[in-house]
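Okay, structure first, notes after.
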Amino acid sequence: MSDPHLGSRTRSGAFRYDAKIELDSPSVHAKIVELVGSGKRVLELGCATGYMSKVLRDLGCQVVAVEIDAAAAAEAGAFCERVIVGDLDVLDLPAALADDSFDVVVAADVLEHLKEPQPLLRDLKRVLRPDGYVVASVPNVAHASVRLALLGGSFRYDETGLLDRTHLRFFTYDTVQELFEGTGYAIGHVERRQKPLEESEVTYDRSAASQELVESLGRDPEALTYHFIIVAHPLPRAGLARIQRRVRELAEANDAARQELEELRRAAVERDLLAHRNHALELQLANLRRIGEARAALGRRIREVNDKRKAAVAELAALQQVARERDDLARRLRDVEEERDSSAGEVERLRSAAAAEQAELTSRAEEQRAAAQQQLASVRQALSDEVARRMELVAAVKRLELEATELRAKHQEALEVPGAVDAPPPADYVHLVHRIRGAVAASVPADAVVLVASKEVEALEDLGGRTAWHFARSADAAAPGPDPSSDAEAIAQLEELRAAGAQYFLLPSPSLWWLDRYAGLREHLESRYPVVVRDAGQCLIYDLRDPLGAKRDYFEGVARVAGLAQAVVPPGAVVAVASKGDDVLLKSIGRTAWHFPRDAAGAYTGYYPADDAAAVAQLEAVRRQGAEFLLFPAWSFWWLLHYSRLREHLERRYRVAAQVDDTCAIFDLREPRRRGILARLRRWA
């Protein structure tokens with residue numbers, strides 16, 4: 001047997017072919033168990049110690065087995081109804097089984113150990129039930145490692161693996177197909193288990209193969225196939241060749257489709273990751289640009305301040321020199337003390353001189369330190385004066401803005417004086433309207449609906465065939481309405497008209513006072529909608545069709561969550577995320593991330609827990625499965641308010657590893673936590 005977990009015993013008494021099957025692993029044995037299914041009557045050929053029989057029995061299958069090694073068969077008997085001890089090359093299997101029949105026959109790495117596998121496959125057709133089938137695994141002798149070894153003139157048998165010393169037959173996919181079809185079977189399902197060239201136990205002479213050949217084999221799926229897993233169905237003799245040919249075509253098409261689907265899945269995942277990384281890089285670039293502009297401005301100011309600080313730095317350097325001189329004097333004092341036994345009087349004199357010198361140096365140091373502090377104080381005062389001057393300039397700008405707002409309002413009131421409408425518009429106003437119409441024609445589609453913020457809307461109703469709506473407008477939409485009473489009302493009216501079909505928002509220059517009076521509306525527009533025309537002497541036009549803010553806010557939020565999670569959650573830890581199925585969020589965290597809640601397959605369940613008890617149960621379930629942290633993004637904080645018992649459960653049992661109100665909260669599920677989250681949750685509410 002080529003699989004290292006099947007077969008007889010070694011001289012030491014341990015079984016060469018014995019293993020533990022992990023059903024959630026990608027191993028050949030796990031796939032065979034999956035193909036057998038549950039609740040079947042199974043004949044297992046070459047059962048060894050019964051490690052696969054045990055798994056099948058636990059899945060509700062009834063197992064009868066055949067094993068050549070009596071000692072291994074004795075151990076397998078604990079998991080099988082019956083174990084027949086015999087050599088499959090000579091055993092009359094139908095006679096040994098009497099009238100018994102089976103849903104599935106398993107031949108896991110067995111056929112390559114037989115002298116003549118054809119008679120066995122023909123006999124198996126007699127013990128299979130009408131809908132029965134054979135599940136077999138066969139090693140691929142055409143694996144790239146064997147090909148390269150032969151190229152170098154080597155074909156060495158080994159204890160296990162592709163060149164197991166007990167193998168009597170060697171198969172490629174073509175010869176496996178010939179074996180089953182030649183004995184009256186149709187192969188309905190084929191899977192290939194691949195192993196990279198460098199992981200194969202078969203060694204080869206690297207000097208005998210060119211790098212180009214090695215790379216070519218590395219790209220060939222057939223050359224990387226280590227095992228074939230076959231599901232074969234017995235066929236009646238009538239139309240056998242036609243059925244086998246059709247089944248082979250269907251199996252090959254199914255295999256190609258499965259490989260194409262896997263490639264498409266990998267490509268989709270890579271595409272999403274690249275898109276997310278590209279957006280994150282764009283955000284970082286924008287931040288760097290803003291930081292660069294701020295640094296340039298700060299740099300200019302710093303250069304001015306640095307000139308004033310140079311003198312202070314020089315004074316500090318002088319102080320450091322004094323300190324070094326003082327240290328040197330201390331060393332000299334120690335040298336003098338070592339000589340005091342021979343010259344006590346000289347030592348005393350030197351001490352007096354040193355004390356005087358030290359006093360003088362200390363005095364000088366104090367004078368220089370005082371001068372430096374005075375210089376630093378003058379620098380601080382200059383900085384303070386500069387800040388005060390800038391604050392005065394800011395206040396002056398604010399006053400000018402308020403005066404401009406009042407002037408615009410007075411201008412607007414003047415326009416609304418009764419009888420003013422009847423007066424002919426001034427020439428510059430007519431010229432302004434003409435220029436605004438030109439700007440609209442150049443930047444707004446001909447079939448668009450345009451909101452116009454102007455009491456003089458009649459002059460702008462003709463926008464070259466475009467539909468013009470008043471903003472604000474009356475209840476019957478026939479005339480301008482009253483001005484909004486607040487920012488919130490202005491934003492609400494804007495979004496209501498946008499929902500009704502408005503696509504662009506036009507503010508003529510006489511109406512730009514709107515953006516001063518309604519600062520919240522201005523911030524709403526600037527943060528969500530792109531500007532297509534910005535000319536203070538003419539007009540301002542916003543494109544209302546595609547808001548910018550939601551997607552930008554989302555990616556910025558994801559970036560903040562990822563940064564905090566990577567700072568708090570150790571590498572290799574598992575974190576459950578209240579994600580609402582958001583795979584982009586999970587991938588960005590940079591740790592092993594699970595959906596919460598999730599189903600048995602690890603996917604998002606698609607629905608929320610029915611009540612508090614269900615929420616707590618799902619939390620403890622993912623914790624038992626291995627989750628070490630629980631993360632709530634800021635947009636999922638409602639969980640902790642809606643599921644109050646879940647919140648109390650977390651408060652009582654687990655520690656808060658991190659919490660930032662506009663980012664996320666992270667709970668450490670590994671150990672009990674300290675109290676304090678209830679107060680923060682009240683603030684969230």
Within segment 31-61, track down each residue that is open to solvent by 30 Å² or more (accessible area, probe 1.4 Å), basic (Lys, Arg) and not in a loop (DSSP other than H, G, I, E, B). ARG41, LYS54, ARG57
Does any residue in segment 507-530 that is of a type in the set (Val, Ile, Thr) come within less than 6 Å, Cβ to Cβ, of a residue that is part of a helix (DSSP H, G or I) six or more places away or on a different chain, and which pairs are these? none
Output for segment 276-300, where each listed residue is in contact (Cβ under 8 Å) with a residue 40 or more places away in the chain and either outside any helix (DSSP H, G or I) or of a type outside the set (Gly, Ala, Ser) (or both): HIS276, HIS279, LEU283
Just wondering, is there one or more residues in segment 614-624 that are at pLDDT below 90, part of a helix (DSSP H, G or I), open to solvent by less than 30 Å² (accessible area, probe 1.4 Å) and not polar (S, T, N, Q)? no
Being in contact with a Leu (Cβ under 8 Å, 6 or more places away or on another chain) and touching a residue at least 12 places away in the same chain (Cβ under 8 Å): is that true of VAL575 here? yes
Among (1) under 22 Å from ASP18 (Cβ atoms); (2) in a strand (DSSP E or B); (3) open to solvent by 20 Å² or more (accessible area, probe 1.4 Å) - the single one VAL64 does not satisfy: (3)
How many residues are open to solvent by less than 50 Å² (accessible area, probe 1.4 Å), in contact with a Gly (Cβ under 8 Å, 6 or more places away or on another chain) and small (Gly, Ala, Ser) if we restrict to segment 73-94? 2
May I ask you to verify whether ARG165 is within 19 Å of LEU45 (Cβ to Cβ) and surrounded by fewer than 21 Cβ atoms within 10 Å (Cβ to Cβ)? no
Going through segment 586-600 one residue at a time, which ones are open to solvent by 60 Å² or more (accessible area, probe 1.4 Å), in a loop (DSSP other than H, G, I, E, B) and at pLDDT 90 or above? ASP599
How many residues does segment 168-188 contain that are open to solvent by 40 Å² or more (accessible area, probe 1.4 Å) and not small (Gly, Ala, Ser)? 7
Against the condition modelled with pLDDT of 85 or more and open to solvent by less than 50 Å² (accessible area, probe 1.4 Å), how does SER210 come out, does it pass? no
Hey, ILE677 hits all of (1) open to solvent by less than 30 Å² (accessible area, probe 1.4 Å); (2) modelled with pLDDT of 90 or more; (3) over 23 Å from PHE555 (Cα atoms); (4) not acidic (Asp, Glu) but one; which does it fall short on? (2)
Quick one: what pairs do we get from segment 552-571, first residue assigned to a helix (DSSP H, G or I), second among the aromatic types (Phe, Trp, Tyr), C-beta under 8 Å, 6+ apart or different chains? GLY557/TRP635; VAL568/PHE629
Kindly list, by first and then second residue, each pair from a residue in segment 77-90 that is under 19 Å from HIS113 (Cα atoms) and at pLDDT 95 or above to a residue that is open to solvent by 40 Å² or more (accessible area, probe 1.4 Å) and not in a loop (DSSP other than H, G, I, E, B), limited to pairs with Cβ atoms under 7 Å and residues at least 6 apart or on different chains. VAL85/ALA70
Does segment 125-145 contain any residue that is under 19 Å from GLU199 (Cα atoms), among the hydrophobic types (A, V, I, L, M, F, W, C), open to solvent by less than 10 Å² (accessible area, probe 1.4 Å) and in contact (Cβ under 8 Å) with a residue 40 or more places away in the chain? yes
Among the residues of segment 185-193, are any under 18 Å from ASP131 (Cα atoms) and of a type in the set (Phe, Trp, Tyr)? yes
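The values are calculated or read from the model by the stated rules, or taken from the named source; none is laboratory data. Treat the numbers as computed from the prediction; the structure is a model and nothing was measured. Cβ atoms come from the backbone with ideal geometry, glycine included; neighbour counts cover every protein chain shown. Calculation scope for accessible area: heavy atoms of the full protein, side chains included, ligands and nucleic acids excluded. Shrake-Rupley method; radii C 1.70, N 1.55, O 1.52, S 1.80 Å.
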